[in-house]
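The values are calculated or read from the model by the stated rules, or taken from the named source; none is laboratory data. Since the model is a prediction, treat every value here as computed from it, not as a measurement. Cβ: placed from backbone, ideal geometry, glycine included. Neighbour counts: every protein chain shown.
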Amino acid sequence: MSGLLFVLSGPSGVGKSTIRKEVMKICQGLRYSVSCTTRSPRANEVEGVDYYFVDLATFEAMRDQGEFVEWAKVHGNYYGTPRRPLEAWWQEGFDVILEIDVQGAKQVKAVFPQGIFVFIAPPSLRILEERLRGRHSDLEDDILLRMTNAHLEMQSIRDYNYLVVNDVLEKAVDQFRAIIVAERCRIRE
């Protein structure tokens, strides 16, 4: 692996995608690994850009053939990170960002302990709930499940190398960008 691996995790609705997209506009040499999911697309999501939307049978076949670096069932749906694009990008010297849940991050850390793990946290759980409700894409039961999971996910912060609190978007973007710059400058053995 010649490129770096940045793993972004945090509760649903915390702003991981927004932070990642903004950082990718200002940092060169980054690639984003699009995950597969069995959930239905939201109104604003694009196939192959936000996710690869697959049915359960396709996902299970990919999983059983070892095509995922990590996979997990989250909020009642399956998510997985395809292996092939990562390996190709690393061979080409690109740094890769994975935007995955806490379960997936634990799996990735077991396989790639040299990865750089960044936890994106909300300023408070109350604000997180407001953000989830404000995006108007989830049913009430889904919001309650995501909030329950957020409480559990926040307990994993100590498993990460960095913590970025997404209170002010511009500040969170700058902090993640600074992490990338610092890690690119790090002397490695």
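For Val164, indicate whether it is part of a strand (DSSP E or B) and out of contact with any Asp or Glu (no Cβ under 8 Å at 6 or more places or on another chain). Here the answer is yes, as Val164 does meet what is asked. When Ile143, Ile100 are checked against the criterion of being touching a Leu at 6+ places or on another chain (Cβ under 6 Å), within 23 Å of Thr37 (Cα to Cα) and among the hydrophobic types (A, V, I, L, M, F, W, C), a single residue qualifies: Ile143. The residue that is nearest to Arg135 (Cα to Cα), among those in region 20-43 that are free of Cβ contacts under 8 Å to residues at least 24 places away in the same chain and surrounded by fewer than 12 Cβ atoms within 10 Å (Cβ to Cβ), is Ser40.
The number of residues in region 139-165 being of a type in the set (A, V, I, L, M, F, W, C) and in contact with a Ser or Thr (Cβ under 8 Å, 6 or more places away or on another chain) comes to 1.
Looking at region 6-28 only, could you name the residues that are more than 20 Å from Val74 (Cβ to Cβ) and in contact with a helix residue (DSSP H, G or I) (Cβ under 8 Å, 6 or more places away or on another chain)?
Hits for region 6-28 are Glu22, Val23, Ile26, Cys27.
Restricting attention to region 47-66, and to residues there that are hydrophobic (A, V, I, L, M, F, W, C) and exposed (fewer than 10 other Cβ atoms within 10 Å of the Cβ), which single residue is farthest from Glu87 (Cα to Cα)?
Within region 47-66, the match that is farthest from Glu87 (Cα to Cα) is Ala57.
Residue pairs whose Cβ atoms lie under 7 Å apart, separated by 6 or more positions or on different chains, with the first residue in region 77-99 and on the phi > 0 side of the Ramachandran plot and the second modelled with pLDDT of 90 or more, are Gly93/Gly3. Of the residues making up region 73-119, those that are part of a strand (DSSP E or B) and either more than 13 Å from Val7 (Cβ to Cβ) or basic (Lys, Arg) (or both) are Lys73, Val74, Asn77, Tyr78, Tyr79, Gly80, Pro82.
Yes/no per residue for (1) among the aliphatic types (A, V, I, L, M); (2) within 15 Å of the chain's Cα centre (by Cα):
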position: Leu98; (1), (2): yes, yes
position: Gly104; (1), (2): no, yes
position: Pro113; (1), (2): no, no
position: Ser124; (1), (2): no, no
position: Leu132; (1), (2): yes, no
position: Ser137; (1), (2): no, no
position: Thr148; (1), (2): no, no
position: Val181; (1), (2): yes, no
position: Arg188; (1), (2): no, no
